[in-house]
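The next block holds one structure in the form of structure tokens; read it before the comments.
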Amino acid sequence: MSGFVVARSHDSNHTFVKRRGPDSTGTFDAHGYHFTHHLLSLADEPVPQPFVDGDVICVCDGVIYNCEEHPSGGALIALYRQHGENFARHLDGEYAIAICDFERRILVLATDAFSTKPLFFKDTEAASYRSALGGGERMPPNTIRVINLDNGTSRQSIVVPFDFDHQHKETYDDWLAAFERAIEKRATHRCYIPLSAGYDSGSIDLALRRLGTSFKSYSFAGEENVEILRQRDADILPMDATIFAAQRALLDTHAEAEAFRVKLFNGEDYDYEVHDDRASHGLMLIHALARAENRRVFLSGSGADEILAACRHWPKAQFPAVLQPWPDFDSNWQIAYLAKEEYTAGSFGVQGRYPYLDRDVVQEFLWLSPELKHRRYKAPLHEYMSRHDYPFEENVKTGFNPLRV
């Protein structure tokens, strides 16, 4: 987790952006633009930004997992010099990247497959949060945008499209292997998870245990099945009025409110705001507790509902023979819930990672036959937990919803 601002004025609002990167701040001025990067350092030796190579300046938020190929900002710029605007097609990660090429007079913005890291642009400026720009548009997922620095015109392209045309796999094996790889490359020593009694965080908990990773889980009694949590050896936090008040105070103090208009299933529009989501309250307290223990990376279950169960359409979800992106695949609730995860975690300078939105995990799910997709509720996770005798309550949808009191 880091935050950055690329602006023509020194007066940008860095209040919330700075919280994403509490360890150090780097600045650079060039050609009338001011580059500021707030660093969350997860490496033994911090790698300060912005990265500068001649007339090319780069700032990045997030993590790139094929780091042996692209271990530094210098390598990102080298990749850009080699492949031009399509450099992001060679990255595996969760990232928001801005590259200013003053020789070509362009600003290149790139997001990962689901735009897990917030990135906004306004005219010829960009930042991690809209508040730093005083407005602006959010970068769509899986997108490269090239903005002309002289006149503000822009064009947009897809990083790498998903394949919706081939639902040909007849076992869960490849999906399960992709899921464990996604966990393995995201897991770090002393990472943590918010653990509910449901399928999503439970499968992450199972994978971390199988990998032998040193991690911690935080759970609330709330509306959860406490017996399942006990069987998972969870440390359960009580839920009472005092804790709820502390959660709400943390949310009001730390998190930037963000509203998104999403489509409900009856076709109506709904304005979703981070502060109104009950899960945000519990997440804030968990992040505060984890940060106090110097835990800086958490693995989120976000995306599992929207991909594996087509969000709240289950059990009526249908994955037809001719498959197309559904509304919540990479927009609507998908982007709203990612905002909840990023704004709450970013407020405490911890990095969120999203195994269910790993490109290979999603692609392997798309390749499953419709029969395998429909066999059970969140069928790949049911298969995973069943194979390893992990406790779960079959066909029950539970979310991370601390009880409002």
(request) Can you confirm whether segment 6-19 contains a residue that is under 16 Å from Val63 (Cα atoms) and either aromatic (Phe, Trp, Tyr) or assigned to a loop (DSSP other than H, G, I, E, B) (or both)? (result) no
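Name the residue, out of Thr111, Thr116, that is closer than 14 Å to Gln156 by Cα, touching a helix residue (DSSP H, G or I) at 6+ places or on another chain (Cβ under 9 Å) and of a type in the set (S, T, N, Q).
Selected residue: Thr111, the only one of Thr111, Thr116 that is closer than 14 Å to Gln156 by Cα, touching a helix residue (DSSP H, G or I) at 6+ places or on another chain (Cβ under 9 Å) and of a type in the set (S, T, N, Q).
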(request) With the condition kept exactly as written, say whether any residue in segment 148-156 is assigned by TED's automatic domain parsing to the domain that holds Ala7, surrounded by 14 or more Cβ atoms within 10 Å (Cβ to Cβ) and either closer than 26 Å to Ala336 by Cβ or of a type in the set (A, V, I, L, M) (or both). (result) yes
(request) Inspect all residues belonging to segment 311-326 and state whether any of them is in a loop (DSSP other than H, G, I, E, B), within 28 Å of Arg261 (Cβ to Cβ) and among the charged types (D, E, K, R). (result) yes
(request) Can you run down the residue pairs with Cβ atoms below 6 Å, 6 or more apart or on separate chains, where the first is in segment 350-379 and touching a residue at least 60 places away in the same chain (Cβ under 8 Å) and the partner is of a type in the set (Lys, Arg) and buried (at least 24 other Cβ atoms within 10 Å of the Cβ)? (result) Arg353/Arg186; Pro355/Arg186
(request) Kindly indicate whether Glu342 is free of Cβ contacts under 8 Å to residues at least 40 places away in the same chain, within 27 Å of Cys191 (Cα to Cα), assigned to a helix (DSSP H, G or I) and under 18 Å from the mean Cα position of the chain (by Cα). (result) no
(message) Need the failing condition index for Lys117 against (1) outside any strand (DSSP E or B); (2) surrounded by fewer than 21 Cβ atoms within 10 Å (Cβ to Cβ), just the number.
(response) (2)
(message) Residue under question is Ala30, and the condition is that it be free of Cβ contacts under 8 Å to residues at least 12 places away in the same chain and of a type in the set (Gly, Ala, Ser); does it hold?
(response) no
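The values are calculated or read from the model by the stated rules, or taken from the named source; none is laboratory data. Fair warning: this is a prediction, and the values are worked out from it, not measured in the lab. Using ideal geometry, Cβ is built from the backbone for each residue, glycine included, and neighbour counts are taken over all protein chains shown.
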